Amino acid sequence: MRWKNVRRSQNVEDRRGQRAGRRMPGRGGGMKVGGGAGIVLLLLGLFFGQDLIGPLTSGGATGGAPQIGAQTRLDRNNTEVRTNDQAKDFIASILGTTEDVWGPLFRQAGQTYQPPKLVMFSDGVTSACGFTSSAAGPFYCPGDSQVYIDLSFFRELQRMGAGGDFAQAYVLAHEVGHHVQNLLGVSMAVQRRQRTLPKAQANRLSVLTELQADCYAGVWAHHAHKQYQLLEPGDLEEGMNAASKIGDDALMRSAGRQAHPDAFTHGSSAQRQQWLYQGLETGDPQQCDTFQGAS
């Protein structure tokens, strides 16, 4: 991916190294959306799937995968100072492209896009949705309109053979897709409906929500490439491979479990490939209505 010369967003807060206290979410906190509890915990033998990612196979790509974990030093007050933090630069650059994509798309629809803040943390974090451990992976909290990510999550992806800069950007674009859903009122509508449904049907709504975020990630990639020539040869194939690796069915089988569609929360490999490609091909958010025809 060609990301190094892209504008960096200022909507990034670095809480790495800070200790997060545990507290209950306040009123209106909302339910975390799109968290990574899937990949990390499933690989430990627990439940199901997680957000996107895929291995990067093209050697020598421009602006390759950023190194996780910055070089650090201590200032005269013995406070840790990060230097040469390429991972943070990468995150800020990709977030900047999401702002540059969704801002115009919202304006075309007669609406105003309000960018989310992205919070980088380590070990655990407290949000309007409550305390969350790093084991849960990246997530979006509609209560404070913020995306949260512990960059160590990318190391877990690498251990799975799912590293690379496009994979990491895909994760972020998916979570921003949940922010788009929040702005459009989709998130709250889904959560209200889920409270009235049996677990299997509630899970089905979760799948449709996650697949729409996949499609929105594809929409981002479509327009970001048009604006910045962001993607390089092989990135599309890597995205399709990513979607196949992180479907609920693939993750359940990799954990030694039989795939049970009623327990899916993010969608099968085939479904994730389908909706990611839908967004990539059309670049049209209107083509991301995964709920069409759903009762």
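Please treat every number below as a calculation from the coordinates, not as lab data. Since the model is a prediction, treat every value here as computed from it, not as a measurement. Heads up, the Cβs are rebuilt from the backbone with ideal geometry, glycines too, and the neighbour counts pull from every protein chain shown.
At full extension, Lys4 and Arg19 could sit 2.3 nm farther apart than now, given 0.36 nm per residue minus the alpha carbon distance.
Once you've got the Cα coordinates, tell me which of Lys32/Lys245; Lys117/Lys226; Lys4/Lys117; Lys117/Lys245 are over 26 Å apart.
Numbers: Lys32/Lys245 23 Å; Lys117/Lys226 24 Å; Lys4/Lys117 20 Å; Lys117/Lys245 28 Å.
Cα-Cα > 26 Å for Lys117/Lys245; rest within.
In loop segments of the range 178-241 as defined by DSSP, there are no chymotrypsin sites (Phe, Trp or Tyr not before Pro) with at most 11 further C-beta atoms inside 10 Å of their C-beta.
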